[in-house]
Amino acid sequence: MTAVDLGLPAVPRTSSGTRPDTPALIDPFGRVAADLRVSLTDRCNLRCTYCMPAEGLDWMPGGQMLSADELVRLIRIAVESLGVTNVRFTGGEPTLRRELEGIIAATAALDPRPRISMTTNGIGLVRRARALVDAGLDRINVSLDTLRPERFAEITRRDRLGDVLDGLAAAREAGLSPVKVNAVLLPGINDDEAAELLRYCVDNGYHLRFIEQMPLDPQHGWSRTQMITADQILELLRAEFELTPSSAPRGAAPAERWLVDGGPADVGVIASVTRPFCGDCDRTRLTADGALRSCLFSQTETDLRAPLRSGAGDDEIAELWRATMWAKLAGHQINEAGFAQPLRPMSAIGG
Ligand code: SAM
Ligand code: SF4
């Protein structure tokens, strides 16, 4: 098997081991991180079975969470000193953060202004979509795994499908573009709904992306044999649609895209497990309690909260950030013997 099969970087690790003299977030394989994922909280108002237990998790204590000012300072350093051009807010559920609009507005005021996006479960968007756009939000991803109310209640343990569908419509009406929908298919639960979800998204002008389920659940219940793979997703869709590979450049985007019935609508599949794209990764991640991660699956992280609170200057923090990314591994290793899930679940890292 080659590095390309594994989705690993084509550039071999630099032989000198010396970090080039660049302010950017470069790693030893030549990848440059320009896309910052910021988790605003580990809490959530849903309890998706593949993400959280019914009783929730041990939430981060308030004092351990970064304040809005601390978050904005770190985002400013990333944008102004480290070359970050895209900032995505996520969680947990980012809309639970009361200062969300203020954090977005402060991010939009940075120079150069980054593109700002958010991943959300869509609850509360009906009321907030306009204010989020006014604050500077450019794009949104809303998670939606089913269109059936009873199923939604089974998967998320909350009866809120109507709120999510209304939230999606509100996002579109507020001018967010594109509005993307993220869906995770679970065997025997909602895998019979792949085509229905795509029809709904095409009819409503939303861009659907299926995500392969990854080993990031706190229950450690993920199993390779119990996940719906990209190939299976495509087969389910091809029963009802003609799919042709999109010729649009993929860049660092995680989704492989197909035109639906000749286009212009398309559908994406994020095949993190079966077709890893680590070779093109351009992400760096900040958790709500100030930990820096170079990968969703990192076993190590760099605490920025302590230096932040003990008076470190911007240059010192920027150097810690560069060093963290310089330690990034070639790939996530899900498909390798001895793979171990990270201690943090998805909801505490930020998806
Ligand atoms: N609460 C927000 C939401 O649901 O969109 C943002 C955070 S959530 C962790 C981000 C995305 O990760 C969602 O689309 C969710 O379906 C997805 N997700 C959660 N756990 C996952 C897993 N184990 N594998 C793949 N995707 C997962
Ligand atoms: Fe909450 Fe998102 Fe996890 Fe569902 S996937 S429980 S909405 S954080």
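The values are calculated or read from the model by the stated rules, or taken from the named source; none is laboratory data. Please read these numbers as outputs of a predicted model, since none were measured by experiment. In this analysis, Cβ positions are derived from the backbone assuming ideal geometry, glycine residues included, and neighbour counts consider all displayed protein chains. Note: accessible area is taken over every heavy atom of the protein model, side chains too, but ligands, DNA and RNA are not part of it. Shrake-Rupley method; radii C 1.70, N 1.55, O 1.52, S 1.80 Å.
Structural remarks
- With respect to (1) more than 20 Å from I270 (Cβ to Cβ); (2) exposed (fewer than 15 other Cβ atoms within 10 Å of the Cβ), the lone exception for S223 is condition (1).
- For segment 168-179, a residue qualifies if it is in a helix (DSSP H, G or I) and open to solvent by 10 Å² or more (accessible area, probe 1.4 Å), and the qualifying residues are A169, A170, R172, E173.
- Cross-chain or 6+ apart pairs with Cβ under 7 Å, segment 125-153 first and touching a residue at least 24 places away in the same chain (Cβ under 8 Å), then polar (S, T, N, Q) and part of a helix (DSSP H, G or I): R128/T95; G136/T107
- Close pairs from segment 51-66: first under 18 Å from F89 (Cβ atoms), partner more than 15 Å from ligand 2 (Cβ to nearest atom) and in a loop (DSSP other than H, G, I, E, B), Cβ under 8 Å, at least 6 apart: M60/D289; M65/D289; L66/D289; L66/G290
- Single residue of L208, L165 found to be among the hydrophobic types (A, V, I, L, M, F, W, C) and either more than 16 Å from ligand 2 (Cβ to nearest atom) or not in a helix (DSSP H, G or I) (or both): L208
- Just one of the listed residues (I75, I123) is farther than 17 Å from A291 by Cα, surrounded by 18 or more Cβ atoms within 10 Å (Cβ to Cβ) and aliphatic (A, V, I, L, M), namely I123.
- Of all residues in segment 47-63 being among the hydrophobic types (A, V, I, L, M, F, W, C) and either open to solvent by 10 Å² or more (accessible area, probe 1.4 Å) or away from ligand 2 (no atom under 15 Å from the Cβ) (or both), the one that is farthest from G350 (Cα to Cα): A54
- On the stretch given as segment 180-196, residues that are away from ligand 2 (no atom under 16 Å from the Cβ) and either buried (at least 22 other Cβ atoms within 10 Å of the Cβ) or not in a helix (DSSP H, G or I) (or both) total 3.
- When segment 136-181 is filtered for residues that are of a type in the set (S, T, Y) and more than 14 Å from ligand 1 (Cβ to nearest atom), only S177 remains.
- Listed conditions (1) closer than 14 Å to E93 by Cβ; (2) touching a helix residue (DSSP H, G or I) at 6+ places or on another chain (Cβ under 7 Å) are all met by R158, apart from (2).
- Extreme residue, most open to solvent (accessible area, probe 1.4 Å), among residues of segment 27-46 that are assigned to a loop (DSSP other than H, G, I, E, B) and within 16 Å of ligand 2 (Cβ to nearest atom): R43
- H220 within 25 Å of D42 (Cβ to Cβ) and not small (G, A, S): yes
- Residues (in a helix (DSSP H, G or I) and under 21 Å from the mean Cα position of the chain (by Cα)) located in segment 47-69: A68
- Segments classed as helices (runs of 4 or more DSSP H), wholly inside segment 230-341, with at least 1 members that are of a type in the set (S, T, N, Q) and open to solvent by less than 70 Å² (accessible area, probe 1.4 Å): 314-326
- Boolean, L110 is without any contact (Cβ under 8 Å) to a residue 40 or more places away in the chain and either surrounded by fewer than 22 Cβ atoms within 10 Å (Cβ to Cβ) or of a type in the set (A, V, I, L, M) (or both): yes
- Single residue of segment 83-101 satisfying the filter (among the polar types (S, T, N, Q) and crowded, with 18+ Cβ neighbours inside 10 Å) that is nearest to G290 (Cα to Cα): T90
- The listed residue being in contact with a strand residue (DSSP E or B) (Cβ under 8 Å, 6 or more places away or on another chain) and under 29 Å from P342 (Cβ atoms), out of L216, L243, L286: L286
- So E80, is it open to solvent by 30 Å² or more (accessible area, probe 1.4 Å), within 23 Å of A323 (Cβ to Cβ) and modelled with pLDDT of 95 or more: yes
- The C-beta contact set for segment 336-351 (first residue within 10 Å of ligand 1 (Cβ to nearest atom), second residue assigned to a helix (DSSP H, G or I), distance under 6 angstrom, 6+ apart or interchain) is empty.
- You will find that of E212, E193, the residue that is more than 21 Å from the chain's Cα centre (by Cα) and either within 10 Å of ligand 1 (Cβ to nearest atom) or of a type in the set (D, E, K, R) (or both) is E193 and no other.
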